[in-house]
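Take a look at the structure set out below.
The values are calculated or read from the model by the stated rules, or taken from the named source; none is laboratory data. All values reported here derive from a predicted model rather than from experimental measurement. A quick note on method: Cβ atoms are made from the backbone with ideal geometry, for glycine too, and the neighbour counts reach across all protein chains shown. We work out accessible area using only protein heavy atoms, side chains counted, and drop any ligands, DNA or RNA first. Shrake-Rupley method; radii C 1.70, N 1.55, O 1.52, S 1.80 Å.
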Amino acid sequence: MKILKISLVTLAVLLAVVLLAGVIIVPALRKSGLPELNGEKSIAGLTAEARVIRDERGVPHIYASNEHDLYFLTGYVTAQERLWQMDMVRHATQGRLSELFKRDMFNTDYFLRALGMSEKSRVVLEKEDPAILATLQAYTDGVNAWIAGCGNKLPPEFKVLGYKPEQWTMIDITNIIGFIGWDLASSNLSDEINNYKLGRKLGPEKASELDANWNLVDEVVFPKFKLDNRLIDSAMEAIGSMKKLEELGIVTLSGSNNWAVSGSRSETGKPILSNDMHLGFNVPGFWMQVHQVIPGKLNVTGVIFPGEPFIVAGHNDRIAWGMTNLSVDDIDLFVETVDSTGNNYLYNGEWLPFRVAEQVLKMNDDSSQMRTIKYTHHGPVISGMQGIDDAVLTMCWSGFDYSDEIRAVYLLNRAGNWDEFRAALSNFRSISQNFAYADVDGNIGLNTGGGIPVRKGTGLLPRRGDTGEYEWKDYVPFELLPSSYNPEEGFVSSANQRTVGKDYPFFISGEFSMPYRILRIREMAAEKQVLGIDDFRRMITDNHSAYAKMLTPVILKGAEALTAPGKTESAVIEELKGWDYAMDASLVAPTLFEFIRMEMARQLLGDELDELYGAPLGRQHDFYIYTLMKEGPDEWVDNVDTPEKETMDMIIARSISAAVDTLTARYGEFGEKWQWGKIHTFTLEHPMGGVKILDRLLQLNSKTYGVGGSYHTVEPYAYKDNFRTNHGASERHIFNTADWDRSLTVIPTGTSGIPGSPFYLSQTDTYVNNGFYSDPFSDAAVEAAKKYEMIFKPAR
């Protein structure tokens, strides 16, 4: 959290002094903003009596007699629990992070302003159905009712940063949709530039050996088409500014799993559906569990994103649904030719003026900057103008085009069958997912929803912007998106792998996940003809690696090339021989596999990729090793920097020795310290938790856990630096259509974002230990699970 430390450390020191002086009591600050959970309360804005029941998790079950009151209370309750999180994300969508944290984040704010989320939000609201607008206004009014009632009793983050929240608006709601869409798409931005660098260094034929989609690359890789290094560096600097969002915990993209079985393959005789969406690990968590009820009209439960009124993934009394990221390539970079004035760009033989927007970026009353954003018809200039005389890079993104995901989710909450489900999905464009489906009538399905651009060729590389040849023509019609309904095998599944085969006429993406998670899911599903809830629990928390199952025998064969293995190397080989490929925290074998695998990638590719070798090409590493296992060694195996001709076995032997040396240097001699859970850890961090004194005083971060799994297991614990996990399952749901009350759920954090709440990080232990909570749905089950009840009445 380096971006916050200067300002927050100063505040923290002052806070500590005050605390020592006895003016503030720490527990009171930690609990500031906590809501009352029992009793009665009159509140202006309600039209009739309503109630909020909470269970052992503090999850609100909201009962109201009409839509207005339901969404009013949803806004009220989400603000009670997650107000500062909502406000932080709002500042991000508006490009006002410097203002929030009193810290120079101007470059990040500048990029976020260029996305124009508020401008699109206004268009969406102008076209929105009046009935949906009414629900958004009710939600907004509920948030503001809580803010007004708080007075000075705001959550501790507001007090530490010394400000009060502004009124919530409907634009804030729609902006969050835009922000989620950007987060899902944003990796494509740097991928195009990295792909270009790869192709320029290796040539298309060689590059295709690291990425299967290079055989689809069109004529934009002609030798005469070359980007200036200054242009590339300028664009990457702008893209790099967005990494600060990840440090704040508001960048989320990773992957997801979902699958469903039909009644013929279920112990219950009805479908079962599982979903776990893989997002960033942070506290407060991405999702909040909520149950919304209008008796006789609506009964829906699942997860919402705080700041949004509707259930994003969950079930109603008829259907269940879950989603995985489609990984669609809905960003293209265009190289624009610019005239000598820098005010015009060339398009189809004409010089057209840039559209210019002046933006004031503010940190505090004494520090602000004026920035100019330039746009072509493709989108904003992202490469800057300084030092580049004749060209700039602009960004085209599906999020700039009209879409109505708010309507989509509103309709999903009310869908009662497959046709209504698909009608809801047809409204998705800037957010693209594969949606799993199951219903009480015994049907299952999987359907893509989202915006796949219709373009010439692929979007793998930057394209010429001075011609209309590469313009997006439209989006693939919803009727032509991939779909499966009641397949003969009684099973549907997705895990971010390639969505369709090569015969599909439209390019979706070059950024799919390797198939290890889906291979394991389908392997487990095939082990039994009939599956039950316990099987689904085992599957969703499974950490056996299909990657390790494929690669470990290759490693063991290569280990025979070790001419005189030492004691530790011999122990490593024996450990791998007896391994069942479970990435358990208590085992040493997972550590050995990960270190040897990474060393193999470096030994195989590092010599030829040189400066391009590293994190940006992680997917290419995995793709190449996958190809190697499928097709055998090729010319990449030889190290071009050595005079001898290396074989695959020689590379593996070197990798084992190098991995052993690295592990010994870092963790000491072979033994318990090499256990995967001692190295691979999980800590949920608050955006302010990087300042140690604040963490100690307010107890912002979770404790640190040793965890199993990896990015290639069904139970995902992906990691970056120092093997600290940063992405994984943001929720786990198992939906039982035969008896909704027997559905299961868990999230990594808890209902509340207030550190002093009993529901702050209250589900973390259960989550890490692969446990679940029951998910009461019927009136009787909710009543039986009741721990708290608040009655709300209209103020008179």
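The table below lists the values:
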quantity: Accessible surface, 1.4 Å probe, highest first, among residues Ser118, Ser586, Ser743; calculated: Ser586, Ser118, Ser743
quantity: Hydrodynamic radius (Kirkwood) for the stretch 647-796, which is based on Cα pairs only, to one decimal in Å; calculated: 19.1
quantity: Point-to-point label distance, Asn38-Asp365, nm (Cα→Cβ direction, 7 Å offset); calculated: 4.6
quantity: Separation of the Arg742 and Thr704 label points, Cα + 7 Å toward Cβ, nm; calculated: 4.2
quantity: Translational diffusion of the stretch 341-484, µm² s⁻¹ [Kirkwood Rh, Cα pairs; Stokes-Einstein; 37 °C; 0.692 mPa s]; calculated: 177
quantity: Paired Rg and Dmax values of the stretch 266-362, which use every Cα atom, in angstrom; calculated: 23.8, 72
quantity: Hull-based mean projected area of the chain, where the convex hull spans the alpha carbons, in square nanometres; calculated: 35.2
quantity: Where only C-alpha atoms are counted, convex hull volume of the stretch 556-600 per residue in Å³; calculated: 78
quantity: Partner aspartates and glutamates for Lys102 [C-alpha distance under 12 Å; skip if fewer than 8 residues away on the same chain]; calculated: Asp365, Asp366
quantity: Sequence-distant lysines (8 or more away, or on other chains) whose Cα lies within less than 22 Å of Lys549; calculated: Lys528, Lys557, Lys577, Lys630
quantity: Largest-first ordering by accessible area, 1.4 Å probe, given options Phe310, Phe400; calculated: Phe400, Phe310
quantity: Å² per residue, accessible surface of the stretch 37-176 at 1.4 Å; calculated: 32
quantity: Portion, in percent, of the accessible area of the stretch 728-796 that falls on carbon or sulfur, probe 1.4 Å; calculated: 45
quantity: Span-rule helices in the chain, defined as complete DSSP H runs reaching 18 Å or more along the axis (Cα) with Kyte mean at least 0.0; calculated: 2-20, 130-150, 170-185, 546-558, 589-609, 648-667
quantity: Options Thr662, Leu744, Thr764, ranked by Cα towards positive dipole end of the chain, top entry (Cβ charges); calculated: Thr764
quantity: Gained length - Lys473 relative to Thr664, 0.36 nm times residue gap less alpha-carbon distance; calculated: 63.1 nm
quantity: As computed over the stretch 81-160, the Cα convex hull volume per residue (Å³); calculated: 93
quantity: For the stretch 627-692: span of alpha carbons on each principal axis (Å, largest first); calculated: 52, 30, 25
quantity: Mean ellipticity per residue at 222 nm, deg cm²/dmol - from DSSP H runs of n ≥ 4 across the chain, formula -39500 (n - 2.57); calculated: -11500 deg cm²/dmol
quantity: Additional length obtainable on full extension of the chain from Asp580 to Arg522, 0.36 nm per residue less Cα span; calculated: 19.1 nm
quantity: Area accessible to solvent at Thr268, 1.4 Å probe radius, in Å²; calculated: 50
quantity: Accessible surface, per residue, of the stretch 437-584 when the full set of protein chains is kept, probe 1.4 Å, Å²; calculated: 42
quantity: Rounded accessible area per residue of the stretch 305-396, 1.4 Å, Å²; calculated: 38
quantity: Space enclosed by the convex hull of the alpha-carbon atoms of the stretch 22-81, per residue, Å³; calculated: 109
quantity: Interatomic Cα distance distribution for the stretch 290-412, bins of 5 angstrom, percent; calculated: 2, 8, 13, 13, 10, 9, 10, 9, 9, 7, 5, 2, 1, 0
quantity: Links that overshoot a 28 Å alpha carbon limit, given the list Lys164/Lys787; Lys197/Lys374; Lys297/Lys793; Lys120/Lys793; Lys473/Lys720; calculated: Lys164/Lys787; Lys120/Lys793; Lys473/Lys720
quantity: Protein accessible area in the stretch 266-352, 1.4 Å probe - carbon and sulfur %; calculated: 48
